[in-house]
Amino acid sequence: MNITEAIAVSFGSIRAHKLRSFLTLLGLIIGVMTLILVMAIVQGANVYVEEKVANLGTNVFRVSRTPLAVTDFQEFIRAQRNKPLEMSDVEAVREVCRDCLDVGAEATATTTVKAGNEVGEDVSIRGLTANMADIGTTVVEEGRYISYFEERSGSPACVLGSEVAERLFPYGSGVGKTIRIANEDHGVVGVAEKVGTVLGQSQDNFVIIPISAFFKIFGPRRSVTIHVKTADSSRLEPAIDQVRLLLRSRRHVGYNNPENFYVATSDTFLSLWSSISSAFFAVFIMISSIASIVGGIVIMNIMLVSVTERTKEIGIRRAIGARQRDILWQFLIEALAQCVVGGLIGVAGGFLVALAVRQFTPFPVSLKWWVAAIGLILSTLIGVFFGIYPARKASRLDPIEALRTE
């Protein structure tokens, strides 16, 4: 029997026992679907974080009182005791750092904002210097950014995130209108471009005001985050070293003592996200692998049952000249054919579920052709691994004993 005939026999067996074949392949299908879905979500999240969240630029870094994310409880406790960064630190960096092209500042708080009868709760209020328009990644879609005059004078101007604008002004543009922040009226001068969500967390629930107006509302003792832009990426490391040296000196940090501030670049964001996503990826890959292995075991058991059911057929084939390797290939190709069919169903199902996730949930999803290739390779390997034993058992049957079987 050649390979073509073996494939034809295999698909004939699948068609003859449709329900049994489907139930046999169900575990493998679920495993491949899970693998496709997880890889699509992780790839989509990686692209989104790289483009939207971690897109500081290769020539921008930030200095803050606390770390970017809490990964160590003891470090979190220690960071709470750090001295706040002040506007005087920002001015010092501007004056001293030779490789710093532009230096901006940001302070944040969370409060409720109102516009008439509309209310926005838990809105992030971001007090920024005007030059953050050039340093940061926020793009104003309608109107304009806050101006240098508004920063210097503490004018009550603001730029709304798209979510806040839609919530407070559902029936028209918010530009030119007035909102109330902590009992202070602010005129809306712009609306930011929509960013979207990251793992369900909105990136558009914010209001930008001049940092001087921020301190009037929330007090001057809040720590600021210093944002630094260099001329190009080659100046980034020298600028970071200069800022570190300056701040260590100003904050009286000893030579052998750890810094009481944190420096973050786009690589810091990507590294942190990579460690987080890798953990999730490993867990879900383990789950999909278990499902695939269970599916492979089921396939092996059904193939052993098939060998028992077809013992007389094997005896007849051996009697008319079929060799052991012919029988081996026949059953191995049958197992492979079933697994490939299961893999194709799993890939198609995984892509459909991934598309549904992208359409109806906030999770970013990226569908790549090589993800489908990995699913098919996985199903093929399972077919070979779990099909070889039943195939070897079938090929080693004694033809005389097989012919006697009823």
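The values are calculated or read from the model by the stated rules, or taken from the named source; none is laboratory data. Because the structure is predicted, anything quoted here is derived from the model rather than measured. In this analysis, Cβ positions are derived from the backbone assuming ideal geometry, glycine residues included, and neighbour counts consider all displayed protein chains. Only protein heavy atoms, including side chains, enter the accessible area calculation; ligands, DNA and RNA are left aside. Shrake-Rupley method; radii C 1.70, N 1.55, O 1.52, S 1.80 Å.
Can you find, within region 178-203, the residue that is modelled with the lowest pLDDT among those that are more than 21 Å from E151 (Cβ to Cβ) and outside any strand (DSSP E or B)?
L199
For region 141-176, name all the residues that are surrounded by 20 or more Cβ atoms within 10 Å (Cβ to Cβ) and among the hydroxyl-bearing types (S, T, Y).
Y145, S162
Which condition number in (1) assigned to a strand (DSSP E or B); (2) within 16 Å of V123 (Cβ to Cβ); (3) of a type in the set (D, E, K, R) is the one that R167 fails?
Result: R167 fails condition (1) only.
Report, ordered by the first and then the second residue, all pairs with beta carbons closer than 6 Å, sequence separation of six or more or different chains, a first member in region 342-371 that is open to solvent by less than 20 Å² (accessible area, probe 1.4 Å), and a second member that is of a type in the set (D, E, K, R).
V365/R358
Of all residues in region 148-178, count the ones that are touching a Leu at 6+ places or on another chain (Cβ under 6 Å) and of a type in the set (D, E).
Looking only at that region, the number is 0.
For region 260-273, which residues satisfy the criterion of being outside any helix (DSSP H, G or I) and either open to solvent by 40 Å² or more (accessible area, probe 1.4 Å) or not aromatic (F, W, Y) (or both)?
Hits for region 260-273 are N260, V263, A264, T265.
Counting residues that are open to solvent by 60 Å² or more (accessible area, probe 1.4 Å), more than 22 Å from N257 (Cβ to Cβ) and touching a residue at least 24 places away in the same chain (Cβ under 8 Å), which helices (runs of 4 or more DSSP H) fully inside region 58-140 reach at least 1?
Passing ranges, in order: 132-135.
Give me the residue from region 215-231 that is outside any loop (DSSP other than H, G, I, E, B), of a type outside the set (A, V, I, L, M, F, W, C) and open to solvent by 10 Å² or more (accessible area, probe 1.4 Å) and, out of that set, farthest from V113 (Cα to Cα).
Per the criteria, the residue is K229.
Would you confirm whether any residue within region 46-59 is modelled with pLDDT of 75 or more and of a type in the set (G, A, S)? So that I can check it myself, show each step before the final result.
Quick first cut of region 46-59, residues modelled with pLDDT of 75 or more only: 59.
Right, trim to of a type in the set (G, A, S) and you get none.
Taking every residue of region 46-59 in turn, none turns out to be modelled with pLDDT of 75 or more and of a type in the set (G, A, S).
Out of S173, S234, I need the residue that is of a type outside the set (A, V, I, L, M, F, W, C), more than 28 Å from the chain's Cα centre (by Cα), at pLDDT below 90 and not in a loop (DSSP other than H, G, I, E, B). Which one?
Among S173, S234, only S234 is of a type outside the set (A, V, I, L, M, F, W, C), more than 28 Å from the chain's Cα centre (by Cα), at pLDDT below 90 and not in a loop (DSSP other than H, G, I, E, B).
Give the residues of region 305-317 that are touching a residue at least 60 places away in the same chain (Cβ under 8 Å) and either open to solvent by 40 Å² or more (accessible area, probe 1.4 Å) or out of contact with any helix residue (DSSP H, G or I) (no Cβ under 9 Å at 6 or more places or on another chain) (or both), sorted by residue number.
Passing the criteria: K312, I316, R317.
Looking at the structure I just gave you, is G254 in a helix (DSSP H, G or I) and out of contact with any Cys (no Cβ under 7 Å at 6 or more places or on another chain)?
Here the answer is no, as G254 does not meet what is asked.
Considering region 232-252 alone, what residues qualify as being open to solvent by less than 60 Å² (accessible area, probe 1.4 Å) and among the small types (G, A, S)?
A239 - this is the single residue of region 232-252 that is open to solvent by less than 60 Å² (accessible area, probe 1.4 Å) and among the small types (G, A, S).
Residue-by-condition table, conditions (1) without any contact (Cβ under 8 Å) to a residue 60 or more places away in the chain; (2) closer than 30 Å to T178 by Cβ; (3) assigned to a strand (DSSP E or B):
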site: A213; (1), (2), (3): no, yes, no
site: R244; (1), (2), (3): yes, no, no
site: S249; (1), (2), (3): yes, no, no
site: P258; (1), (2), (3): yes, no, no
site: V294; (1), (2), (3): no, no, no
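Mind telling me which of the residues L403, L352 ends up being at negative phi and at pLDDT 80 or above? Don't jump to the end; show me each part of the working.
Working: L403 fails: at pLDDT 80 or above.
The conditions single out L352.
Kindly indicate whether any position in region 315-333 is out of contact with any strand residue (DSSP E or B) (no Cβ under 8 Å at 6 or more places or on another chain), on the phi > 0 side of the Ramachandran plot, in a loop (DSSP other than H, G, I, E, B) and not acidic (D, E).
Yes, the conditions are met somewhere in region 315-333.
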